[in-house]
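Before any comments, here is the structure.
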Amino acid sequence: MDLVHLRTVLRPHVLSLSNVNRHVDLPSVCQNLGLPFPDSGVSKRDKVTEAFDALPDGGLLAAATRFLQLHPLSARDRNELQDILWSDLPTPQITKKIRREVARP
């Protein structure tokens, strides 16, 4: 899985949480996503940015999965995140013969 790409795609969505939550709600929002909440930072955006930047690569997959469960996204954005998350899942092999049979009218 391309963690750099996942972090790049997930980042603006997580940072947007600072726009829809109050200061007092941010620690629980970050905790629900598995983000370490920083003590520093003046603005809500700074705090969420620091929390996301402090997230280790090992927690990125879980944070992205929880984000999808807890925060609705547009179909385009949700599909983009899911495509990245599911890119390493095993898929069934379909033979050429079966493909031709399925494609046949």
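May I ask you to list the residues in the stretch 1-23 that are hydroxyl-bearing (Ser, Thr, Tyr) and surrounded by fewer than 12 Cβ atoms within 10 Å (Cβ to Cβ)?
Once the filter is applied, which keeps residues that are hydroxyl-bearing (Ser, Thr, Tyr) and surrounded by fewer than 12 Cβ atoms within 10 Å (Cβ to Cβ), the stretch 1-23 yields only Thr8.
When residues of the stretch 1-10 are filtered for being without any contact (Cβ under 8 Å) to a residue 60 or more places away in the chain and under 8 Å from the mean Cα position of the chain (by Cα), how many remain?
Of the stretch 1-10, the ones without any contact (Cβ under 8 Å) to a residue 60 or more places away in the chain are 3-4, 7-8.
From the residues that got through so far, the ones that are under 8 Å from the mean Cα position of the chain (by Cα) too are 7.
Residues in the stretch 1-10 being without any contact (Cβ under 8 Å) to a residue 60 or more places away in the chain and under 8 Å from the mean Cα position of the chain (by Cα): 1 in total.
Return the total of residues in the stretch 58-76 being charged (D, E, K, R) and under 10 Å from the mean Cα position of the chain (by Cα). Break it down stepwise before answering.
Going residue by residue through the stretch 58-76, those that are charged (D, E, K, R) are 66, 76.
Now narrow it down to the ones that are under 10 Å from the mean Cα position of the chain (by Cα): 66.
Of the residues in that region, 1 qualify.
Just checking, which of Leu26, Leu33, Leu89 is within 12 Å of the chain's Cα centre (by Cα) and not small (Gly, Ala, Ser)?
Every option except Leu33 fails the conditions.
Among what's in the stretch 39-51 and is surrounded by 14 or more Cβ atoms within 10 Å (Cβ to Cβ) and either among the small types (Gly, Ala, Ser) or touching a Lys or Arg at 6+ places or on another chain (Cβ under 6 Å) (or both), pick the residue that is farthest from Leu3 (Cα to Cα).
Gly41
Quickly run through the stretch 8-26 and pick out the residues that are among the basic types (Lys, Arg) and either over 13 Å from Ala51 (Cβ atoms) or modelled with pLDDT under 95 (or both). It would help to see each step written out before you state the result.
Restricting attention to the stretch 8-26, the residues satisfying the condition of being among the basic types (Lys, Arg) are 11, 22.
Selection gives Arg22 alone.
Could you pull out the residue among Leu33, Leu26 that is in contact with a helix residue (DSSP H, G or I) (Cβ under 7 Å, 6 or more places away or on another chain), under 28 Å from Trp86 (Cα atoms), surrounded by 17 or more Cβ atoms within 10 Å (Cβ to Cβ) and of a type outside the set (Phe, Trp, Tyr)? Please lay out each step first, then the result.
Numbers: Leu26 fails: under 28 Å from Trp86 (Cα atoms).
It is Leu33.
Evaluate the following for Leu35: is it of a type in the set (A, V, I, L, M) and touching a residue at least 60 places away in the same chain (Cβ under 8 Å)?
no
The values are calculated or read from the model by the stated rules, or taken from the named source; none is laboratory data. No experiment lies behind these values; they were computed from the predicted model shown. Counting neighbours? That spans all protein chains shown, and the Cβs are built from the backbone with ideal geometry, glycine included.
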